[in-house]
Amino acid sequence: EPEVTQTPSHQVTQMGQEVILRCVPISNHLYFYWYRQILGQKVEFLVSFYNNEISEKSEIFDDQFSVERPDGSNFTLKIRSTKLEDSAMYFCASSETPGEEAYEQYFGPGTRLTVT
Amino acid sequence: AQSVTQPDIHITVSEGASLELRCNYSYGATPYLFWYVQSPGQGLQLLLKYFSGDTLVQGIKGFEAEFKRSQSSFNLRKPSVHWSDAAEYFCAPMFSGGYNKLIFGAGTRLAVHP
């Protein structure tokens, strides 16, 4: 069964450093998302991406964040200058083309980001 | 305002017992509704979904959920819980105009006693 993959599974970085979290969505999916979950808190939407542009972003997704689909398979989340409060589990998700199936999002296993 | 509430933060049941996890939303129309499960150290797995039609939907792992428009609820149920069901369960509506954005509830952590 096709699945969303994410690398790395765990990333440790120092405050102020740039990090790139990578995701490979399911191959025929066209909608891509990033969510995050701070330890002990609920999952929060960050951004959705379609047709090579951001469809919607949350208040969390400020100028320090960016997303990119650099090739036909990867979808990345970049944090330019990490803060302690960016420590969280980051989930990538993808969904298909328009239609009811488009609303079913498939999630990757997550990348745990630890900022020290 | 659009919101979702899972009133039970933590539930403990005995193996073989029935289970109901509550979810309520606040919205002027019917959103698309999802339940996800997160096992320890794992990602989010879709259990079931409701878009329209039959208000009782079946999902994976023997779970079902019932949509009640009058109560703005979408409660998750299982007739007989297995020890492997211990996990965190998230209700996640998708409100219209949200470009497929899921709004997750706070989650209910389920513990299963042998």
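General observations
- At least 50 Å² of accessible area lost relative to the chain alone, listed for region A:28-55 with a 1.4 Å probe: A:K42, A:V43
- Pairs of lysine residues in the protein assembly as shown - Cα separation under 26 Å, sequence separation of 8 or more or cross-chain: 22
- As an equivalent ellipsoid, chain B spans semi-axes of 24, 14, 12 angstrom, where each value is the square root of five times an eigenvalue of the C-alpha gyration tensor, largest first.
- For chain A, Kirkwood radius (reciprocal of mean inverse C-alpha pair distance, Å): 14.2 Å
- When the Gaussian network model of chain B links Cα atoms closer than 10 Å, the mean-square fluctuations of B:N24, B:N100, B:N75 top out at B:N100.
- Accessible area of region B:3-113 divided out per residue, in Å², using a probe of 1.4 angstrom: 45 Å²
- Backbone amide hydrogens, once placed in the peptide plane, bring B:K101 within less than 5 Å of nothing, excluding anything fewer than 5 places away on its chain.
- Extent along the principal axes, Cα only, for region B:24-71: 35, 21, 15 Å, with the longest axis given first.
- Under 5 Å, built H, 5+ apart or other chain: amide partners of B:C23: B:F74, B:N75, B:L76
- Accessible surface, region A:5-110, averaged per residue in Å² (probe 1.4 Å): 49 Å²
- The share of accessible area on region B:3-113 that comes from carbon and sulfur is 49 percent, using a 1.4 angstrom probe.
- Orientation-averaged projection of the protein assembly as shown equals 12.8 nm² [convex hull of Cα atoms, one quarter of hull surface area].
- Accessible surface of region A:5-110 [probe 1.4 Å, protein heavy atoms]: carbon and sulfur percent: 45 percent
- Protein accessible surface hidden between B and A, which excludes ligands and nucleic acids, total in Å², probe 1.4 Å: 1800 Å²
- For A:L46, the residues whose amide H sits under 5 Å from its own are A:W34, A:Y35, A:R36, ignoring neighbours fewer than 5 places away on the same chain, with H placed 1.01 Å from N.
The values are calculated or read from the model by the stated rules, or taken from the named source; none is laboratory data. All figures in this text were calculated on a predicted structure; none of them were measured in a lab. What goes into the accessible areas is simple: the full protein's heavy atoms, side chains included, and nothing from ligands, DNA or RNA. Shrake-Rupley method; radii C 1.70, N 1.55, O 1.52, S 1.80 Å.
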